[in-house]
Amino acid sequence: MSKFPMTARGFKLLEDELRRLKNEERPAISRALEEARAHGDLSENAEYHAAKERQAFVEARVAELEDKVSRAQVIDASKLSGDTVKFGATVTLIDDDTEAEVYFQIVGEDESDVKEKRLSIASPLARALIGKGVGDEVEVTTPGGHKLYELIRIEYV
């Protein structure tokens, strides 16, 4: 059973979702099933079948979240430091083509969100950045072709 890295924020989000599913969704599904059963013939009861499908989805998600929570290796990025990029780092890059500054925090797979500037540790760019230092150039292959970035800042916040 392998561990996988996750920030404290990402871990809290998983725990919150798990708690919501167990404490709110499960009871709501039970009530929906009771109501549907009260309508009689279950073979043609659309409400019953919809509630059973929702129940199957929620139970699968609960099992998945319980597994992830149990295997998470929570890393507090604010307690890290150093001159090279590692998990949890917030990096600032300059795009060689556009000269635009971009920044990302390198996070676990389940908490990545490019719109929020959180980049999965498994992404090609994050893998290319790991171990690099300020001033290093990073080349990465994207669906749009090769991209070249210069690493200008590494922070652990």
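Quick one: order L33, L13 by neighbouring beta-carbon count within 10 Å, fewest to most.
L13, L33
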**Q.** Calculated SAXS-style log₁₀ I(q)/I(0) at q = 0.11 Å⁻¹ - the chain, Debye, Cα scatterers
**A.** -0.59
**Q.** Cross-link reach list, aspartates and glutamates versus K79, counting only Cα pairs under 16 Å and skipping chain neighbours closer than eight places
**A.** E155
(Q) Check which residues have an amide H placed less than 5 Å from R118's amide H, if you skip close sequence neighbours. (A) Q105, D113
Q | Packing-based exposure ordering (other Cβ within 10 Å, fewest first) of K115, K68, K22, K3 | A | K115, K3, K22, K68
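Please go through region 1-72 and write out the GluC sites (Glu not before Pro) that DSSP classes as loop and that have at most 11 other C-beta atoms within 10 Å.
On the way: sites: E15, E17, E24, E25, E34, E35, E44, E47, E53, E59, E64, E66; in loops: E44.
Answer in residue order: E44.
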Q) Roughly what % antiparallel, to the nearest 5, for the DSSP beta bridges in the chain? A) 75 percent
(Q) For the pair E150/R61, report the inter-label distance in nm, with labels modelled 7 Å from Cα in the Cβ direction. (A) 4.5 nm
Q) Contour minus end-to-end for H49 and V134, with contour as 0.36 nm per residue of separation and end-to-end as the Cα-Cα distance? A) 24.9 nm
(Q) For a Förster distance of 22 Å, can you work out the FRET efficiency between the beta-carbons of V69 and E116, rounded to the nearest 0.05? (A) 0.55
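Read-outs throughout are calculated quantities, based only on the coordinates presented, and are distinct from any laboratory measurement. Keep in mind the model is a prediction, meaning the values are calculated, not measured. In this analysis, Cβ positions are derived from the backbone assuming ideal geometry, glycine residues included, and neighbour counts consider all displayed protein chains.
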